[in-house]
Amino acid sequence: MQIDKTNATILATDNTFLVDFADIYKDSEVFQSLVDSVWVDKYENSYWKKYFFKSGIPLLTNSSGASLYSIDETEIKGTTNAMSRAKYSDMPSEGFSGPKARTGSIGDFGKSHTLLGKDKQVYDKLDKELQGNLQLFKAYIDYVGNMLDSHNMTINLMAAQKISTTRFSNADYLADGYDIPITTPYEVTDSTKRDIACGLKTWDDADATIIDDIRNLVEDYRDETNYTGPISLKMPKDFFYNIFLKNTQVRDLIMTYSQANGSILSSGYLATKESYEAWNTANGNYLPPIELMVEETLIQGVTTSTAVKGWKDGIIVLSPSGYQGQLMWATSDEYDLLNGISTFATAKMEGGLLSMMNRVNTNGRMPEWITEVIGCYEPVLDEWNKHWCINYKKASA
């Protein structure tokens, strides 16, 4: 068997599939083989995978159908001076700083596609003319790929919301009433850390002392969280290029550094990511590394689709570098129920994160070939005590 992932097809030497189309609707082993061959590494570079790692084992689902999680974080206490004491006397004892837990449940998400009998007949005739079954399989792989993309985009949306707001809510993204409203609790319960003023002036003011403000925020962050590990600033790409690099203080510092190192810059020079990073490195990493957030998804309505971003407008996040939490997930109850039934072909994607089911349904006297991709998942922060959301449109004055 030859695998051509460029065209997302599995081909035999005569440009036909080695199995009949009907096989992937009745044989789970064949269906799983198709999934593993075509889509196995499709989402390795997904946005969410950079900031959330998939939990190693699925959550258990209780008798009510809820998949519950509990995640712990240990609060870091600062070191205080020793106490004066009288000999042979008892001293006040500090309590043990144990882990604090966050609990919650995760939701179900899905996509479905139906190939009508009359549409399949068109492909059958086309493939017969071409002496193969390639066109039908290519159409199938295309629409199943779109369904898998929709789950990946949903997790990206959730991940961006969790990082920038510490909760997930799809209330703003419902399209024509197509979805069920889901809103999870804030994971950073201290509301003052979800909307921190950026400084004396908002950072969209070109004259704001943005470098000094960030430096002060970092020092406050270290003092309040007692966290000494690596941290980073997470900001939208648009903010970095259209506001941060155009800020007067940023431009002046880069110009002074560049001129001191032999570069001649005019007053109208264009600051770049590279020139800023050179200044920051030369000054002993005066500010934490900046990570640029780039994510966008489409919300499908009945007749239209709309581009949206999960990242909350106006928010810059200061938090530990690397992973921000875990992707909690559970195996679908429907998959467990239908797996092994002869009228269904089932497969798993992403190590069980997504469940895929094929079946042939009879609608009146016409058959329908139905594919469903369902999942139960949610990204969850595990560093909420060290997660600050800075509002660059909110001044402290």
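The values are calculated or read from the model by the stated rules, or taken from the named source; none is laboratory data. Model, not experiment: these values are computed from the prediction. Cβ placement follows ideal geometry from the backbone for every residue including glycine, while neighbour counts extend to all protein chains displayed.
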Task: Where a residue in segment 261-287 is assigned by TED's automatic domain parsing to the domain that holds Arg251 and surrounded by 10 or more Cβ atoms within 10 Å (Cβ to Cβ) and its partner, wherever it lies, is in a loop (DSSP other than H, G, I, E, B) and at pLDDT 85 or above, with Cβ under 6 Å and at least six apart - done: Ala271/Leu245; Asn280/Tyr286; Asn280/Leu287
Open item on the list: Can you find, within segment 303-324, the residue that is nearest to Lys393 (Cα to Cα) among those that are of a type outside the set (D, E, K, R), part of a loop (DSSP other than H, G, I, E, B) and modelled with pLDDT under 85?
Closed with: Thr304
- [ ] Would you mind stating whether Asp142 is charged (D, E, K, R), under 30 Å from Lys312 (Cα atoms), at pLDDT below 90 and assigned by TED's automatic domain parsing to the domain that holds Lys49?
- [x] no
Task: Residue that is farthest from Tyr241 (Cα to Cα) [pool: residues in segment 310-330 that are surrounded by fewer than 21 Cβ atoms within 10 Å (Cβ to Cβ) and hydroxyl-bearing (Ser, Thr, Tyr)] - done: Tyr323
Open item on the list: Just checking: which of the strands (runs of 3 or more DSSP E) contained wholly in segment 344-397 hold 3 or more residues that are of a type outside the set (Asp, Glu) and over 30 Å from Asn216 (Cβ atoms)?
Closed with: 344-349, 354-363, 366-381
- [ ] Could you run through segment 242-257 and say how many residues are more than 18 Å from Thr202 (Cβ to Cβ) and without any contact (Cβ under 8 Å) to a residue 40 or more places away in the chain?
- [x] 5
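Would you point out the residue of segment 222-238, among those that are among the polar types (S, T, N, Q) and outside any loop (DSSP other than H, G, I, E, B), that is surrounded by the fewest Cβ atoms within 10 Å (Cβ to Cβ)? Write out each step before concluding.
First, the residues of segment 222-238 that are among the polar types (S, T, N, Q): 225-226, 228, 232.
Right, trim to outside any loop (DSSP other than H, G, I, E, B) and you get 225, 232.
On the way: Thr225: 22, Ser232: 16.
Among them, the one singled out is Ser232.
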- [ ] Can you confirm whether segment 20-36 contains a residue that is farther than 25 Å from Asp108 by Cα, of a type in the set (Asp, Glu) and either modelled with pLDDT under 70 or touching a Leu at 6+ places or on another chain (Cβ under 7 Å) (or both)?
- [x] no
Open item on the list: Looking only at residues that are surrounded by fewer than 17 Cβ atoms within 10 Å (Cβ to Cβ) and of a type in the set (A, V, I, L, M, F, W, C) in segment 342-369, which one is nearest to Val317 (Cα to Cα)?
Closed with: Val360
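Of Glu378, Glu372, which residue is closer than 30 Å to Gln121 by Cα and acidic (Asp, Glu)? Before you say what the answer is, go through the steps one by one.
On the way: Glu378 fails: closer than 30 Å to Gln121 by Cα.
The conditions single out Glu372.
Restricting attention to segment 202-220, which residues are touching a helix residue (DSSP H, G or I) at 6+ places or on another chain (Cβ under 8 Å) and among the hydroxyl-bearing types (Ser, Thr, Tyr)? Show your work before the answer.
The initial filter retains those residues of segment 202-220 that are touching a helix residue (DSSP H, G or I) at 6+ places or on another chain (Cβ under 8 Å), namely 203-204, 206-212.
Scanning segment 202-220 gives a single hit, Thr209.
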- [ ] Please give the number of the condition Glu219 fails out of (1) surrounded by 15 or more Cβ atoms within 10 Å (Cβ to Cβ); (2) within 33 Å of the chain's Cα centre (by Cα); (3) without any contact (Cβ under 8 Å) to a residue 24 or more places away in the chain.
- [x] (1)
